[in-house]
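*Asks:* Below: one structure in structure tokens.
Every read-out reported here was derived from the displayed coordinates using simple, explicitly stated rules and does not represent laboratory data. Quantities reported herein were computed from a predicted structural model and do not represent experimental measurements. Neighbour counts are summed over all protein chains in view; Cβ atoms, including those assigned to glycine, are modelled from backbone coordinates with ideal geometry.
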Amino acid sequence: MNDNPSPYAIEGVLVYLHSIIYGSVAYFIRDTIILHEGRFVEEEVLVMVDATITEVIPIHTDKDGRMRVSGTRVLLDLIVEAYRRGETPEHIVQMYTTLTLDQVYLAIGYYLRHRQTVDEYIRRMDEEAERLRREWEAEHPPKVTQAELAARLQAKRDSTG
């Protein structure tokens with residue numbers, strides 16, 4: 001609500017207009033003070049107006065096709081994963097200190113409104129990450145395999161046991 005409403009005069013009528021926006025509906029409270037026969041008569045009217053409130057979603061796709069929170073390097077994937085684990089927006093802000101609370105709420109809202117699209121995007125990114133991991137391991141095989149490590153561990157256990 002506007003604490004300092006602006007008056008405007010209409011033919012001896014002093015009108016104050018306050019506005020409140022709740023959700024997607026704007027409420028206007030009009031206080032009218034009328035000078036009638038030497039007396040002031042006050043009238044208050046509540047008017048509800050359906051108003052579309054537009055928020056800019058702080059998500060952009062970078063040159064590599066990754067969805068990030070605008071103005072940061074934080075991936076939408078990370079916020080969605082934290083949200084799925086049950087983290088609160090306040091805790092997500094603590095986890096990623098370059099984010100603001102409103103950015104986190106808007107990113108979660110974007111995910112909830114476009115869940116199927118975002119889930120598909122995350123699935124594609126996970127598949128791409130797995131493909132890159134396999135390529136890397138094929139080009140740079142480990143010097144010690146997992147089987148060799150397991151054998152060493154078993155030998156160690158057998159010698160101490």
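*Asks:* Kindly indicate whether Glu127 is among the acidic types (Asp, Glu), within 30 Å of Leu78 (Cβ to Cβ) and either in a loop (DSSP other than H, G, I, E, B) or free of Cβ contacts under 8 Å to residues at least 12 places away in the same chain (or both).
*Replies:* Taking the combined requirement at face value, the residue satisfies it.
*Asks:* Of the residues Gln116, Gln146, Gln103, which is over 16 Å from Pro58 (Cβ atoms), under 18 Å from the mean Cα position of the chain (by Cα) and of a type in the set (S, T, N, Q)?
*Replies:* Selected residue: Gln116, the only one of Gln116, Gln146, Gln103 that is over 16 Å from Pro58 (Cβ atoms), under 18 Å from the mean Cα position of the chain (by Cα) and of a type in the set (S, T, N, Q).
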